[in-house]
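Report on the following structure.
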Amino acid sequence: MLVKLPPAVAILAIALIVAVLTFHRLGAGDVCTGNEAVEGVFVQQMVEHGHFLFPVENGNVPMYKPPLFHWTAVAIDRVLGISKVTAANLRLPAALYAIAGALLTMICAYEILGLDVAVLAGLTLAASYQYISQGRFGRVDMTLCFFESLSLFAFLWWLPREPTLSGRDARFESNLPALYSLAAALGLGVLAKGPVGAILPGVSILIFMVAEHRGRQILTMLDPGAIILGAAIASSWYLACYLGGRNAFLNRQLDTENVGRFFGSLGAMAPWYYLKPILLNSAPLSLLVPVAAVYALLSPIVTPNGDDSTSRPEKGRSAVRLFAIFYFATVIFFSIAAYKRRSYLLPVWPAAAVILGWWIVTVAPPAFRRAAIWSFAALCAGLVVFNFIYIPRAEMESCRDDSFRPAAEEIARVVAPADPLYLYGFHEEVAPLLFYLDRDAPVLDGRLGEAPPGFIIMPASVWKTHQSEALDFEPVLTSDHGNRHLVLVKRGKSYAANPLHHFADRITALYLAQSTR
């Protein structure tokens, strides 16, 4: 055995390591990337303004993803008494889902494959660069990862012991609460990132059932209550959009973000795009995962002996094969899809961690098994130290010269919350600026000289180009921080956020009121 601690202590100790890795300097780096900032703006709309169902970015842009991640952020902030969104609490849901996902993975591995595999699986997740870095990023991907993993684990807890059982016997042998948990997890996966949250686990389960000659047990899974539960959860927000006449949200979610991404309306990458991420996103662990997954599919699989596995060999064999099917199904699906992102591979990591832990325990001859286990654990320990030191520093370094936070703070000292504020001339995603402005700032098109009265933020290069057509504009602020060079100009009458100005305004109003009596 790798450890002689009680199983609960060992599992909780590794979960604590994951917690340290994800919480360490979580808010030290600013919100700089458009992907994270967009979700941050929607979380602001929910937490700070109460727009829980249909928040919009900058007054008119509907959500890009379903709201489960955002609702989780709201719930956490309500529990903690937080009323303002910052970089830290924007990323907190992802960190908590990462910790919960590691715990869930280890518990499942322990029950089915034993403590050694559970410990190695947990260490693998803690050592995975992609898993830890995405657990520190305010996006929906870790939410999806958790619920896709939960659906696979719930299916294994439901699965009848004997492949030949069917009908009433299979229903009696299976675990009905686990089937309802599977349905709920699939529905919540849809609320995390759309239909893909149910498609990939569902297809993997069907392939597994056919490959394992369990086709008749598919009918056993079709419990009406479980189907209704899963469908109700998955469709709840989409039905709210439909019944509320929020067609822009439906078009964005189902057309652009799902069908459009798959078929290339947002761009296309080469089919071999994922070759590098598959092998190197968490090297050297990611180099071993495909080998272990192929071994799981092609080898006769048994549960390793010599530990305190609490389940039957057949269950262990089924688990590792299912996880390998899910791994390859996910890679193939997103390789076929036209639009690709590295984070799309994140949900394979809990399943891959179990496969890798099982492979390390079983592939070595018995005489060398202990050495193989300890060598792999030592490798993971070194990667954990690397993640602890490198990831927070990399986050801060990548944002050091690109943050809009200093400029937004300067603008907020000049522009009152009630003053009109606009953006002009930006050729990039403006969500990082909006996040730190913490208010709407509509984007102006056309000629600068036709802009309405109020304050306007623009890049300094744009102001230099268009200054000649804006003769009645007054520059009030120049902000230079890193790569961000902004100019704030004012057109027409507008009051700055200076308390003395507001005080003078009130005195003038009182004087005029007295003089008219």
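Details
- Each residue of the range 37-108 gets 95 Å³ once the volume of the Cα convex hull is shared out per residue.
- For the range 371-437, the calculated P(r), taken from all Cα-Cα distances in 5 Å bins from zero up to the bin holding the longest distance, is 3, 12, 14, 16, 10, 8, 8, 7, 6, 6, 4, 3, 2, 0 percent.
- Principal-axis tilt of helix 349-363 within the chain, Cα atoms, nearest 10 degrees: 30
- For the range 128-244, the alpha-carbon radius of gyration amounts to 1.16 times the rule-of-thumb value 2.2 N^0.38 Å expected for a compact globular protein.
- Mean projection area, nm², convex hull over Cα of the range 218-266: 4.7
- For the range 160-261, the solvent-accessible area with a 1.4 angstrom probe is 49 square angstrom per residue.
- Peptides 147-156, 212-221, 178-187, ordered by how many other C-beta atoms sit within 10 Å of their residues on average, highest first, read 147-156, 178-187, 212-221.
- Mean separation of Cα contacts under 8 Å (6+ apart) over length of the range 176-295, as relative contact order %: 24
- Think of the chain as a dipole: +1 on every Lys or Arg Cβ, -1 on every Asp or Glu Cβ, centred on the Cα centre; then among ASN247, PHE323, PRO475, PHE323 lies furthest on the positive end.
- Across all directions, the shadow cast by the convex hull of the chain built on its C-alpha atoms averages 29.1 square nanometres.
- Angle between the chain longest axis and helix 115-127 axis [Cα atoms, degrees, rounded to 10]: 30
- Shape call, the range 217-307: gyration tensor on alpha carbons, a/c limit 1.5: oblate
- Solvent-accessible ranking of TRP374, TRP71, TRP272, TRP359, largest area first, probe 1.4 Å: TRP272, TRP374, TRP71, TRP359
- Which of ALA211, SER236, PRO347, positive extreme of dipole for the chain (C-beta unit charges): ALA211
- Fraction of antiparallel bridges per DSSP, the chain only, in percent to nearest 5: 75
- Size of electric dipole in the range 120-208: Cβ of Lys, Arg +1 and of Asp, Glu -1, about Cα centre, debye, nearest 20: 200
- All other residues whose Cβ lies under 13 angstrom from that of ALA211 are scored, Lys and Arg at +1 and Asp and Glu at -1, for a net of +2.
- The chain: Cys lacking any partner C-beta under 4.7 angstrom: CYS108, CYS145, CYS241, CYS380
- For the range 333-392, the per residue solvent-accessible surface stands at 39 Å², with DNA, RNA and ligands left out and a 1.4 Å probe.
- Nearest-20 debye value, the chain charge dipole, Cβ charges on Lys, Arg, Asp, Glu: 740
- Taking only the Cα atoms of the range 1-147, the radius of gyration and Dmax are 16.9, 58 Å.
- Accessible area expressed per residue, the range 1-151, with surrounding protein chains retained (probe 1.4 Å, Å²): 30
- Among 86-96, 122-132, the peptide with the highest mean count of other Cβ atoms within 10 Å heads the list, and the full ranking is 122-132, 86-96.
- Whole-Å distance, taken between Cα centres, linking the range 47-80 and the range 89-117: 25
- Solvent-accessible area, 1.4 Å probe, carbon plus sulfur percent, for the chain: 65
- Of the residues PHE155, ASN175, VAL190, the one whose Cα sits farthest toward the positive end of the charge dipole of the range 152-212, with +1 on the Cβ of Lys and Arg and -1 on the Cβ of Asp and Glu, is VAL190.
- Against the chain, whose longest principal axis is taken from its Cα atoms, helix 285-298 shows a tilt of about 40°.
- The range 350-498 - charge dipole about Cα centre, Lys and Arg +1 at Cβ, Asp and Glu -1, debye rounded to 20: 700
The values are calculated or read from the model by the stated rules, or taken from the named source; none is laboratory data. Remember, predicted model here, so these are calculated numbers, not experimental data. Here the Cβ is made from the backbone with ideal geometry for all residues, glycine too, and neighbour counts use every protein chain on show. Remember, those area values only see protein heavy atoms, side chains included, never the ligands or the DNA or RNA. Shrake-Rupley method; radii C 1.70, N 1.55, O 1.52, S 1.80 Å.
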